Amino acid sequence: MNFKHLYYFWAAAKAGGIVRAGEQLHITPQTLSTQIKLLEESLGCHLFQKSGRGVELTPEGRTALSYADQIFSLGAELEAAVGNRRSGVRTLNFRVGIADAVPKAIAYRLLEPALAIPEQVRLICHEGHFRDLLGQLSVQRLDLVIANEAMGKQTSVKAFNHTLGTTAMTFFATPALHAALEGGFPQCLDGAPMLIPGSASAMRQRLDLWLAEHALRPRLIGEFDDAALLKAFGGEGRGVFMSPTVLEDETCAQYGVKVLGRASELVEEFFGISVERRITHPCVAAITRAARQQFSRK
(Lines give C-alpha, C1' and ligand atoms only; values in the text may rest on other atoms or scores of the structure.)
Protein backbone atom coordinates (compact mmCIF):
# COMPACT_ATOMS: atom_id res chain seq x y z
CA MET A 1 0.00 0.00 0.00
CA ASN A 2 1.19 3.49 -0.83
CA PHE A 3 0.84 5.46 2.41
CA LYS A 4 1.00 8.74 0.54
CA HIS A 5 -2.22 7.75 -1.22
CA LEU A 6 -3.70 6.70 2.13
CA TYR A 7 -2.76 10.06 3.62
CA TYR A 8 -4.51 11.94 0.82
CA PHE A 9 -7.64 9.82 1.32
CA TRP A 10 -7.47 10.45 5.08
CA ALA A 11 -7.11 14.21 4.57
CA ALA A 12 -10.07 14.29 2.15
CA ALA A 13 -12.26 12.28 4.53
CA LYS A 14 -11.37 14.54 7.45
CA ALA A 15 -11.89 17.73 5.45
CA GLY A 16 -15.27 16.59 4.19
CA GLY A 17 -14.40 16.62 0.52
CA ILE A 18 -11.65 16.60 -2.10
CA VAL A 19 -11.86 20.31 -2.96
CA ARG A 20 -11.54 21.42 0.67
CA ALA A 21 -8.71 18.95 1.31
CA GLY A 22 -6.91 20.22 -1.77
CA GLU A 23 -7.10 23.77 -0.43
CA GLN A 24 -5.67 22.65 2.92
CA LEU A 25 -2.86 20.62 1.33
CA HIS A 26 -2.22 23.14 -1.47
CA ILE A 27 -2.86 20.43 -4.08
CA THR A 28 -5.22 20.65 -7.02
CA PRO A 29 -8.43 18.61 -6.64
CA GLN A 30 -7.54 16.73 -9.83
CA THR A 31 -4.20 15.58 -8.41
CA LEU A 32 -5.78 14.61 -5.10
CA SER A 33 -8.58 12.71 -6.84
CA THR A 34 -6.07 10.80 -8.96
CA GLN A 35 -4.06 9.77 -5.90
CA ILE A 36 -7.21 8.54 -4.12
CA LYS A 37 -8.27 6.56 -7.20
CA LEU A 38 -4.91 4.78 -7.14
CA LEU A 39 -5.57 3.81 -3.52
CA GLU A 40 -9.05 2.54 -4.47
CA GLU A 41 -7.53 0.44 -7.25
CA SER A 42 -5.01 -1.10 -4.86
CA LEU A 43 -7.78 -1.93 -2.36
CA GLY A 44 -10.24 -3.06 -5.01
CA CYS A 45 -13.15 -0.94 -3.82
CA HIS A 46 -14.60 2.58 -3.88
CA LEU A 47 -13.94 4.71 -0.80
CA PHE A 48 -16.10 7.68 -1.77
CA GLN A 49 -19.47 7.93 -3.47
CA LYS A 50 -21.41 10.91 -4.81
CA SER A 51 -23.94 12.55 -2.48
CA GLY A 52 -25.72 15.54 -3.97
CA ARG A 53 -23.05 18.00 -5.05
CA GLY A 54 -20.44 16.46 -2.79
CA VAL A 55 -19.14 13.04 -1.80
CA GLU A 56 -19.52 10.78 1.19
CA LEU A 57 -17.70 7.72 2.46
CA THR A 58 -18.82 4.28 1.37
CA PRO A 59 -18.98 1.51 4.02
CA GLU A 60 -15.51 0.45 2.87
CA GLY A 61 -14.41 4.07 3.11
CA ARG A 62 -15.55 4.29 6.73
CA THR A 63 -13.59 1.14 7.53
CA ALA A 64 -10.51 2.52 5.80
CA LEU A 65 -10.85 5.81 7.69
CA SER A 66 -10.94 3.97 11.02
CA TYR A 67 -7.66 2.21 10.21
CA ALA A 68 -6.11 5.38 8.80
CA ASP A 69 -6.93 7.21 12.04
CA GLN A 70 -5.01 4.58 13.98
CA ILE A 71 -2.11 4.49 11.52
CA PHE A 72 -1.50 8.24 11.53
CA SER A 73 -2.09 8.48 15.27
CA LEU A 74 0.64 5.90 15.81
CA GLY A 75 2.83 7.79 13.36
CA ALA A 76 2.44 10.95 15.44
CA GLU A 77 3.31 8.98 18.58
CA LEU A 78 6.42 7.61 16.85
CA GLU A 79 7.57 11.10 15.91
CA ALA A 80 6.95 12.32 19.46
CA ALA A 81 8.82 9.37 21.00
CA VAL A 82 11.86 9.79 18.76
CA GLY A 83 11.79 13.56 19.23
CA ASN A 84 11.74 13.14 23.01
CA ARG A 85 14.84 10.97 22.93
CA ARG A 86 16.68 13.51 20.81
CA SER A 87 15.74 16.43 23.04
CA GLY A 88 16.33 14.53 26.28
CA VAL A 89 12.84 15.41 27.53
CA ARG A 90 10.83 12.34 28.51
CA THR A 91 7.13 12.56 27.64
CA LEU A 92 4.78 9.88 28.90
CA ASN A 93 2.12 9.00 26.35
CA PHE A 94 -1.15 8.14 28.10
CA ARG A 95 -3.71 6.56 25.77
CA VAL A 96 -7.26 6.52 27.12
CA GLY A 97 -10.48 5.17 25.69
CA ILE A 98 -13.66 6.85 26.92
CA ALA A 99 -16.94 5.00 26.49
CA ASP A 100 -19.40 7.24 24.67
CA ALA A 101 -21.95 6.85 27.47
CA VAL A 102 -19.67 8.64 29.97
CA PRO A 103 -20.57 12.35 30.35
CA LYS A 104 -17.79 14.61 29.06
CA ALA A 105 -17.67 16.58 32.33
CA ILE A 106 -17.17 13.33 34.27
CA ALA A 107 -14.45 12.23 31.86
CA TYR A 108 -12.60 15.51 32.34
CA ARG A 109 -12.79 15.26 36.12
CA LEU A 110 -11.44 11.74 36.02
CA LEU A 111 -8.60 12.48 33.60
CA GLU A 112 -7.47 15.85 34.96
CA PRO A 113 -5.29 14.36 37.79
CA ALA A 114 -3.19 12.54 35.18
CA LEU A 115 -1.93 15.90 33.92
CA ALA A 116 -0.77 16.90 37.39
CA ILE A 117 1.83 14.15 37.93
CA PRO A 118 5.55 15.12 37.92
CA GLU A 119 6.20 13.58 34.48
CA GLN A 120 5.36 15.45 31.31
CA VAL A 121 2.23 13.75 29.98
CA ARG A 122 0.78 13.63 26.47
CA LEU A 123 -2.88 12.67 26.80
CA ILE A 124 -4.33 10.80 23.81
CA CYS A 125 -8.10 10.33 24.09
CA HIS A 126 -10.31 8.10 21.98
CA GLU A 127 -14.09 7.93 22.32
CA GLY A 128 -16.13 4.97 21.15
CA HIS A 129 -18.34 2.03 21.99
CA PHE A 130 -17.37 0.17 25.14
CA ARG A 131 -16.70 -3.19 23.45
CA ASP A 132 -14.63 -1.60 20.69
CA LEU A 133 -12.46 0.14 23.28
CA LEU A 134 -11.95 -3.13 25.17
CA GLY A 135 -10.70 -4.65 21.93
CA GLN A 136 -8.13 -1.87 21.59
CA LEU A 137 -7.14 -2.34 25.22
CA SER A 138 -6.55 -6.05 24.63
CA VAL A 139 -3.93 -5.32 21.94
CA GLN A 140 -2.35 -2.57 24.09
CA ARG A 141 -3.42 0.33 21.91
CA LEU A 142 -4.90 1.85 25.07
CA ASP A 143 -3.58 2.12 28.61
CA LEU A 144 -6.97 2.63 30.21
CA VAL A 145 -10.67 2.51 29.37
CA ILE A 146 -13.10 4.67 31.34
CA ALA A 147 -16.69 3.43 31.34
CA ASN A 148 -19.91 3.58 33.32
CA GLU A 149 -20.11 -0.20 33.46
CA ALA A 150 -17.70 -2.91 34.49
CA MET A 151 -16.19 -5.37 32.07
CA GLY A 152 -18.23 -8.57 32.31
CA LYS A 153 -16.80 -12.00 33.07
CA GLN A 154 -18.01 -13.25 29.69
CA THR A 155 -15.61 -10.88 27.93
CA SER A 156 -12.54 -12.63 26.52
CA VAL A 157 -10.31 -9.60 27.15
CA LYS A 158 -7.80 -10.20 29.93
CA ALA A 159 -8.15 -6.97 31.91
CA PHE A 160 -9.23 -5.79 35.34
CA ASN A 161 -11.93 -3.46 36.65
CA HIS A 162 -10.91 -0.65 39.00
CA THR A 163 -13.80 1.12 40.69
CA LEU A 164 -13.43 4.89 40.40
CA GLY A 165 -16.57 6.07 42.15
CA THR A 166 -20.34 6.28 42.19
CA THR A 167 -22.92 9.02 42.05
CA ALA A 168 -26.67 9.18 42.49
CA MET A 169 -28.85 10.77 39.81
CA THR A 170 -30.66 14.12 39.91
CA PHE A 171 -33.72 15.09 37.85
CA PHE A 172 -33.80 18.56 36.28
CA ALA A 173 -36.37 20.78 34.56
CA THR A 174 -36.46 24.33 33.26
CA PRO A 175 -38.12 26.82 35.64
CA ALA A 176 -41.27 26.97 33.47
CA LEU A 177 -41.62 23.19 33.29
CA HIS A 178 -40.78 22.87 36.97
CA ALA A 179 -43.65 25.23 37.87
CA ALA A 180 -46.09 23.35 35.64
CA LEU A 181 -45.53 19.98 37.31
CA GLU A 182 -47.90 19.00 40.08
CA GLY A 183 -47.11 17.23 43.34
CA GLY A 184 -43.88 16.41 45.07
CA PHE A 185 -40.98 14.38 43.76
CA PRO A 186 -41.07 11.74 42.39
CA GLN A 187 -44.88 11.74 41.96
CA CYS A 188 -44.63 14.85 39.78
CA LEU A 189 -42.97 12.70 37.10
CA ASP A 190 -46.18 10.79 36.44
CA GLY A 191 -47.44 12.05 33.08
CA ALA A 192 -44.60 14.59 32.83
CA PRO A 193 -42.68 14.97 29.56
CA MET A 194 -39.36 13.17 29.93
CA LEU A 195 -36.11 12.75 28.01
CA ILE A 196 -34.37 9.45 28.70
CA PRO A 197 -31.14 7.61 27.82
CA GLY A 198 -31.16 5.19 24.86
CA SER A 199 -32.06 1.55 25.30
CA ALA A 200 -28.42 0.41 25.16
CA SER A 201 -27.53 2.46 28.25
CA ALA A 202 -27.04 0.61 31.53
CA MET A 203 -28.72 3.52 33.32
CA ARG A 204 -31.80 3.19 31.10
CA GLN A 205 -32.48 -0.27 32.50
CA ARG A 206 -32.19 1.03 36.05
CA LEU A 207 -34.46 3.98 35.25
CA ASP A 208 -37.16 1.75 33.76
CA LEU A 209 -37.12 -0.43 36.87
CA TRP A 210 -37.16 2.62 39.18
CA LEU A 211 -40.15 4.14 37.38
CA ALA A 212 -42.03 0.84 37.57
CA GLU A 213 -41.31 0.47 41.29
CA HIS A 214 -42.77 3.94 41.92
CA ALA A 215 -45.73 3.31 39.56
CA LEU A 216 -44.72 6.31 37.44
CA ARG A 217 -45.60 6.65 33.77
CA PRO A 218 -43.97 9.76 32.33
CA ARG A 219 -44.69 10.86 28.76
CA LEU A 220 -41.54 9.90 26.88
CA ILE A 221 -40.58 12.68 24.48
CA GLY A 222 -37.25 11.36 23.27
CA GLU A 223 -34.50 8.78 23.74
CA PHE A 224 -30.85 9.78 23.32
CA ASP A 225 -27.58 7.87 23.16
CA ASP A 226 -25.70 11.18 23.46
CA ALA A 227 -26.03 12.65 26.97
CA ALA A 228 -25.05 16.15 25.81
CA LEU A 229 -27.80 16.17 23.19
CA LEU A 230 -30.32 14.96 25.76
CA LYS A 231 -29.38 17.84 28.06
CA ALA A 232 -29.58 20.35 25.21
CA PHE A 233 -33.20 19.33 24.61
CA GLY A 234 -33.83 19.47 28.35
CA GLY A 235 -32.37 22.96 28.54
CA GLU A 236 -34.91 24.07 25.93
CA GLY A 237 -37.76 22.84 28.13
CA ARG A 238 -38.66 19.79 26.06
CA GLY A 239 -38.78 17.53 29.08
CA VAL A 240 -37.48 16.47 32.48
CA PHE A 241 -34.06 14.82 32.30
CA MET A 242 -31.54 13.36 34.69
CA SER A 243 -27.81 13.76 35.15
CA PRO A 244 -25.26 12.62 37.75
CA THR A 245 -25.72 14.38 41.08
CA VAL A 246 -22.00 15.12 41.21
CA LEU A 247 -22.57 17.45 38.20
CA GLU A 248 -25.57 19.29 39.70
CA ASP A 249 -24.01 22.74 39.84
CA GLU A 250 -22.57 22.53 36.33
CA THR A 251 -25.83 21.25 34.88
CA CYS A 252 -27.92 24.03 36.43
CA ALA A 253 -25.48 26.72 35.34
CA GLN A 254 -24.98 25.45 31.79
CA TYR A 255 -28.56 24.63 30.88
CA GLY A 256 -30.50 27.11 33.04
CA VAL A 257 -32.47 24.38 34.82
CA LYS A 258 -33.55 23.68 38.39
CA VAL A 259 -33.25 20.56 40.51
CA LEU A 260 -36.55 18.69 40.53
CA GLY A 261 -35.45 15.92 42.87
CA ARG A 262 -32.79 13.32 43.61
CA ALA A 263 -33.03 9.55 43.34
CA SER A 264 -30.54 7.93 45.69
CA GLU A 265 -31.55 4.48 44.40
CA LEU A 266 -30.42 5.36 40.87
CA VAL A 267 -26.67 5.03 41.05
CA GLU A 268 -24.20 5.39 38.20
CA GLU A 269 -20.81 3.74 38.64
CA PHE A 270 -17.60 4.62 36.87
CA PHE A 271 -14.78 2.18 36.23
CA GLY A 272 -11.23 2.33 34.99
CA ILE A 273 -10.32 -0.84 33.09
CA SER A 274 -6.69 -1.74 32.47
CA VAL A 275 -4.56 -4.78 31.76
CA GLU A 276 -2.88 -4.27 35.14
CA ARG A 277 -4.30 -6.01 38.19
CA ARG A 278 -1.94 -4.04 40.40
CA ILE A 279 -1.79 -0.48 39.08
CA THR A 280 1.71 0.71 38.23
CA HIS A 281 1.10 3.22 35.43
CA PRO A 282 1.58 6.65 37.10
CA CYS A 283 -1.36 8.26 35.24
CA VAL A 284 -3.75 5.44 36.10
CA ALA A 285 -2.58 5.54 39.71
CA ALA A 286 -3.22 9.30 39.90
CA ILE A 287 -6.69 8.90 38.38
CA THR A 288 -7.82 6.11 40.70
CA ARG A 289 -6.43 7.86 43.77
CA ALA A 290 -8.15 11.18 43.00
CA ALA A 291 -11.42 9.62 41.83
CA ARG A 292 -11.99 7.73 45.06
CA GLN A 293 -11.67 11.00 46.97
CA GLN A 294 -13.68 13.11 44.54
CA PHE A 295 -16.60 10.83 43.65
CA SER A 296 -18.74 9.67 46.47
CA ARG A 297 -22.24 8.28 46.50
CA LYS A 298 -24.82 10.96 47.24
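For the reader, a short list of remarks on this structure follows.
- Filter result (hydroxyl-bearing (S, T, Y) and assigned to a strand (DSSP E or B)) within the range 152-210: T163, T166, T167, T170
- The single condition from (1) surrounded by fewer than 18 Cβ atoms within 10 Å (Cβ to Cβ); (2) on the phi > 0 side of the Ramachandran plot that G165 fails is (1).
- Checking each residue of the range 102-115 against the condition of being surrounded by 22 or more Cβ atoms within 10 Å (Cβ to Cβ), more than 22 Å from the chain's Cα centre (by Cα) and either within 22 Å of A263 (Cβ to Cβ) or assigned by TED's automatic domain parsing to the domain that holds E248 (or both) gives no match.
- The lone exception for F130 - which of (1) more than 18 Å from the chain's Cα centre (by Cα); (2) within 27 Å of R206 (Cα to Cα); (3) without any contact (Cβ under 8 Å) to a residue 60 or more places away in the chain; (4) surrounded by 15 or more Cβ atoms within 10 Å (Cβ to Cβ) it fails: (1)
- Residues that are in contact (Cβ under 8 Å) with a residue 40 or more places away in the chain and surrounded by fewer than 22 Cβ atoms within 10 Å (Cβ to Cβ) within the range 214-230 comprise D225, D226, A228, listed in sequence order.
- From V102, V139, V121, residue being under 18 Å from E269 (Cβ atoms) and β-branched (V, I, T): V102
- Complete set of residues in the range 1-48 that are without any contact (Cβ under 8 Å) to a residue 12 or more places away in the chain and among the polar types (S, T, N, Q): T28, Q30, T31, T34
- Across the range 30-64, the number of residues qualifying as at pLDDT below 90 and surrounded by 15 or more Cβ atoms within 10 Å (Cβ to Cβ) comes to 1.
The values are calculated or read from the model by the stated rules, or taken from the named source; none is laboratory data. This one's a predicted model, so the numbers in the text were calculated from it and none came from an experiment. Here Cβ is always computed from backbone atoms with ideal geometry, including for glycine, and neighbour counts include all displayed protein chains.
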